[in-house]
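Each remark here refers to the structure printed beneath this line.
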Amino acid sequence: TQLLEQSPQFLSIQEGENLTVYCNSSSVFSSLQWYRQEPGEGPVLLVTVVTGGEVKKLKRLTFQFGDARKDSSLHITAAQPGDTGLYLCAAPRRDSNYQLIWGAGTKLIIKP
Amino acid sequence: SAVISQKPSRDICQRGTSLTIQCQVDSQVTMMFWYRQQPGQSLTLIATANQGSEATYESGFVIDKFPISRPNLTFSTLTVSNMSPEDSSIYLCSAKAPGNFNEQFFGPGTRLTVL
């Protein structure tokens, strides 16, 4: 069974601090996605990483795919209140051409 | 990216009744999905809705409880039947994005409370 484990489950920090969220598995994935969900909204795709070791940057957010394509991290520099939300990692299900498996999510609160 | 709308955005229902949630996509999509989510938690896939065929349900979800329609490539409905308080949740529809990575676009969700 493919599983994506996210850590931490919950993080509350002050504005301006840095943080890292992790998404780990014992399975190898062809790609991995990160989504952010704000209260009252659906998840929004932030990035897809495909190549082992790949690093992608989205303003203050840096995403990395592990060399073995089993894990990924999301690093936020100088967090702002607008970064508050639920961060979800997801990856293609091995037994499907179109479905995803989802991590449990990291609830992030940035206090002003 | 596709824009997805859902109706209603929220509802409060009495146990034993049924609610139909509508999901409209602004472009044609092959695969649509229905999820359930408790606030602050991850997504649980209910079913995959294919146009022109029966929906495919995940373990623990059955068609009698969650009938789904997919009459065309831009629209789907999910009905929550014979509701109980345990059905209180956020229901999300999504559509598969073009490409090979199974990326999805989501609607804003329907927050359902069953009394």
Legend entry - Whole-Hz ³J(HN,Hα) from phi, Karplus 6.51 cos²θ - 1.76 cosθ + 1.60, for the range A:47-64, glycine and proline x: 7, 10, 10, 10, 9, x, x, 5, 10, 10, 10, 10, 6, 8, 9, 10, 10, 10
Inset, instruction - Quick one: pull the percentage of alpha-carbon pairs in chain A with a separation above 25 Å. - result: 17 percent
Inset, instruction - With a 1.4 Å probe on protein heavy atoms only, tell me which residues of the range A:31-58 lose at least 10 Å² of accessible surface in the complex relative to the chain by itself. - result: A:Ser31, A:Gln33, A:Tyr35, A:Gln37, A:Gly40, A:Glu41, A:Gly42, A:Pro43, A:Leu45, A:Thr48, A:Val50
Legend entry - Share of carbon and sulfur in the accessible heavy-atom surface of chain A [1.4 Å probe, %]: 48 percent
Legend entry - Principal axis dimensions, largest first and in whole angstrom, of the protein assembly as shown by Cα: 48, 38, 32
Inset, instruction - Mind checking the full-extension length gain between A:His75 and A:Ser7? Use 0.36 nm per residue of separation minus the Cα-Cα distance, one decimal, nm. - result: 23.2 nm
Legend entry - Protein accessible surface hidden between A and B, which excludes ligands and nucleic acids, total in Å², probe 1.4 Å: 1700 Å²
Inset, instruction - Would you work out the charge dipole size for chain B about its Cα centre, treating the Cβ of every Lys and Arg as +1 and the Cβ of every Asp and Glu as -1, and quote it to the nearest 20 debye? - result: 180 debye
Inset, instruction - For A:Ser27, enumerate residues with amide H under 5 Å from its amide H, sequence gap 5+ or separate chain, H modeled in the peptide plane. - result: A:Leu3
Inset, instruction - Would you work out which of B:Phe75, B:Thr20, B:Gly60 lies farthest towards the positive end of the dipole of the range B:4-114? Charges go on Cβ: Lys and Arg +1, Asp and Glu -1. - result: B:Thr20
Legend entry - Accessible-area composition of chain B, carbon plus sulfur, in percent [1.4 Å probe]: 49 percent
Inset, instruction - Could you run the Karplus curve 6.51 cos²θ - 1.76 cosθ + 1.60 with θ = phi - 60° over the range B:16-31 and give me ³J(HN,Hα) per residue in whole Hz, x for Gly and Pro? - result: x, 8, 10, 10, 10, 9, 9, 9, 10, 10, 7, 8, 6, 9, 7, 10
Inset, instruction - Kindly flag which residue pairs out of A:Lys107/B:Lys96; B:Lys65/B:Lys96; A:Lys111/B:Lys7; A:Lys56/B:Lys7; A:Lys111/B:Lys96; A:Lys70/A:Lys107 have an alpha-carbon separation exceeding 31 Å in this structure. - result: A:Lys111/B:Lys7; A:Lys56/B:Lys7; A:Lys111/B:Lys96
Inset, instruction - Label chain B by shape, choosing from rounded, prolate and oblate, from the square roots a ≥ b ≥ c of the eigenvalues of the Cα gyration tensor; if a/c is under 1.5 it is rounded, and otherwise prolate applies when a/b is larger than b/c, oblate when it is not. - result: prolate
Inset, instruction - With label points built 7 Å along Cα→Cβ from the Cα atoms of A:Asn24 and B:Leu115, find their separation and express it in nm. - result: 4.6 nm
Legend entry - Solvent-accessible area per residue, Å², over the protein assembly as shown with all protein chains present [probe radius 1.4 Å]: 48 Å²
Legend entry - the range B:39-90 and the range A:1-62: distance between their alpha carbon centers, rounded to Å: 26 Å
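The values are calculated or read from the model by the stated rules, or taken from the named source; none is laboratory data. Please read all numbers here as calculations on a predicted model, not as lab measurements. Cβ: placed from backbone, ideal geometry, glycine included. Neighbour counts: every protein chain shown. Ligands, DNA and RNA are excluded from the accessible area calculation, which covers all protein heavy atoms including side chains. Shrake-Rupley method; radii C 1.70, N 1.55, O 1.52, S 1.80 Å.
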